[in-house]
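The values are calculated or read from the model by the stated rules, or taken from the named source; none is laboratory data. Computed from a predicted structure; not experimentally measured. All Cβ positions, glycine included, derive from the backbone under ideal geometry; neighbour counts span all protein chains shown. Accessible surface areas use protein heavy atoms only, side chains included; no ligands, DNA or RNA. Shrake-Rupley method; radii C 1.70, N 1.55, O 1.52, S 1.80 Å.
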Amino acid sequence: MTLRKVNIVIILLAAVVFLLVLHRNLLGLSDVLKRQSSDSGPVGFQRVDFLPEAPDSGDGEEIPVVITAVEERLGGAISAINSIASNTKSKVVFYVVTMNDTREHLRSWLSGSALKTVNYNILSFDPRVLDGKVRVDPGADPVKPLTFARFYLPDLVPGVEKAIYVDDDVIVQDDIKELFNTPVKAGHAAAFSDDCDSVTSKFLVRGAGNQYNYIGYLDYKKDRIRKLDMKASTCSFNPGVFVANLTEWKRQNVTQQLEKWMELNMAEDLYSKTLAGSITAPPLLIVFYQLHSSIDPMWHVRHLGSSTGKRYSPQFVKAAKLLHWNGHFKPWGRTASYGEVWEKWYVPDPTGKFTLIRRHSGHDGN
């Protein structure tokens, strides 16, 4: 009888252990399913890769940085990522948005170089979300779908409340945490660098209309634009670097507002005929008119790619916290200014597909 009781106890203990193991496995499966369901956004964005988190630096705050990666400019995105990661001790997570035909090259470059310890996600952008929203004009430069990825930030990073967006032609020379901590006022969904308040505002781009005001981007001859009651002299902003409050972005339906103005432009041709800059700027200027906060101008020193000449002193370039080569002359080309600053952060492509054009002797004159 005693032996029978012992056997019963053993069986009961075994059953309890089995149930505990089963419960733990079911919880693990549930987490996996949740992650998988969150990997695909409602407009066709898909998370295709994820690396385990990098070792914790002691700062538990996560800083999400969204950047696009185009095949022919992949070296730019790599350099930007390296400059950001190398100048901070914070827990930065990169969300690298690319197209399906680039993701394997990107993954190989990141995992096969010194950047293999960087914490990143690779996101695939579906260009079909732009159908009926972007005009393809004969003879004009082809539309680059990834330039519109910034419109869809909440869909790309659905679990993120606040994020930084940067173009691929930037270099960060200070701790990105400072930019992340930019105050975004209540009711504002983003903070941009205002052009007329910028330390770079004295530089004019020839043939680009009024580079620093709304009239340089929007056609004020159109009734729909005039009815918005937006002053043509209002200072514009550059959307190549910004801090987004994605909770407020979703509350205000910013993505849907941007899509609305893209569609209206398709129907009514609302952009300026001497458009100053990218076609992604006008919808953002309309939606964020007098509804955005400002970032420190030193966190967006730009126009480095607008000409081949040097616009700033070496001391000023060194003091800048973020450099932006917006314009035609990119830092990985032979004719760009300050290319030696960019090249400092370049990481060679282990696949050999991307070849760096420019080489420097170590001295570049004023």
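Brief remarks on what is shown
- Cβ-Cβ under 7 Å pairs, at least 6 apart or on other chains, segment 98-125 side without any contact (Cβ under 8 Å) to a residue 12 or more places away in the chain, far side surrounded by fewer than 17 Cβ atoms within 10 Å (Cβ to Cβ): none
- For segment 64-82, filtering for residues that are in contact (Cβ under 8 Å) with a residue 24 or more places away in the chain and either surrounded by fewer than 23 Cβ atoms within 10 Å (Cβ to Cβ) or assigned to a strand (DSSP E or B) (or both) leaves 11.
- Subset of segment 325-361 [among the β-branched types (Val, Ile, Thr) and open to solvent by 20 Å² or more (accessible area, probe 1.4 Å)]: 335, 341, 351, 355, 357
- Test result for residue 275, open to solvent by less than 60 Å² (accessible area, probe 1.4 Å), closer than 26 Å to residue 155 by Cβ and either of a type in the set (A, V, I, L, M, F, W, C) or assigned to a strand (DSSP E or B) (or both): no
- Residues being surrounded by fewer than 24 Cβ atoms within 10 Å (Cβ to Cβ) and outside any loop (DSSP other than H, G, I, E, B) - total across segment 95-108: 7
- Flag if residue 312 is closer than 21 Å to residue 194 by Cβ and of a type in the set (Ser, Thr, Tyr): yes
- Taken over segment 306-324, the residue count meeting the criterion of being in a loop (DSSP other than H, G, I, E, B), crowded, with 21+ Cβ neighbours inside 10 Å and in contact with a His (Cβ under 8 Å, 6 or more places away or on another chain) is 1.
- Yes/no for residue 51 being modelled with pLDDT of 55 or more, touching a strand residue (DSSP E or B) at 6+ places or on another chain (Cβ under 9 Å) and buried (at least 16 other Cβ atoms within 10 Å of the Cβ): no
- Across segment 325-355, the qualifying residues are those that are assigned to a helix (DSSP H, G or I) and closer than 17 Å to residue 167 by Cβ, and the one among them that is nearest to the chain's Cα centre (by Cα) is 342.
Yes/no matrix, rows are residues, columns are (1) touching a helix residue (DSSP H, G or I) at 6+ places or on another chain (Cβ under 9 Å); (2) closer than 30 Å to residue 178 by Cα; (3) modelled with pLDDT under 95:
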| site | (1), (2), (3) |
| --- | --- |
| 108 | no, no, no |
| 115 | yes, yes, no |
| 120 | yes, yes, no |
| 123 | yes, yes, no |
| 135 | yes, no, yes |
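- Here segment 260-272 is the region considered, the condition is being of a type outside the set (Asp, Glu) and touching a residue at least 24 places away in the same chain (Cβ under 8 Å), and the residue that is most open to solvent (accessible area, probe 1.4 Å) is 266.
- Identity of the residue in segment 281-305, open to solvent by 10 Å² or more (accessible area, probe 1.4 Å) and hydroxyl-bearing (Ser, Thr, Tyr), that ends up nearest to residue 143 (Cα to Cα): 289
- Residue match in segment 226-233 (condition: more than 17 Å from the chain's Cα centre (by Cα) and assigned to a helix (DSSP H, G or I)): yes
- When residues in segment 240-272 are screened for being in contact with a Ser or Thr (Cβ under 7 Å, 6 or more places away or on another chain) and either more than 13 Å from residue 153 (Cβ to Cβ) or charged (D, E, K, R) (or both), 1 of them pass.
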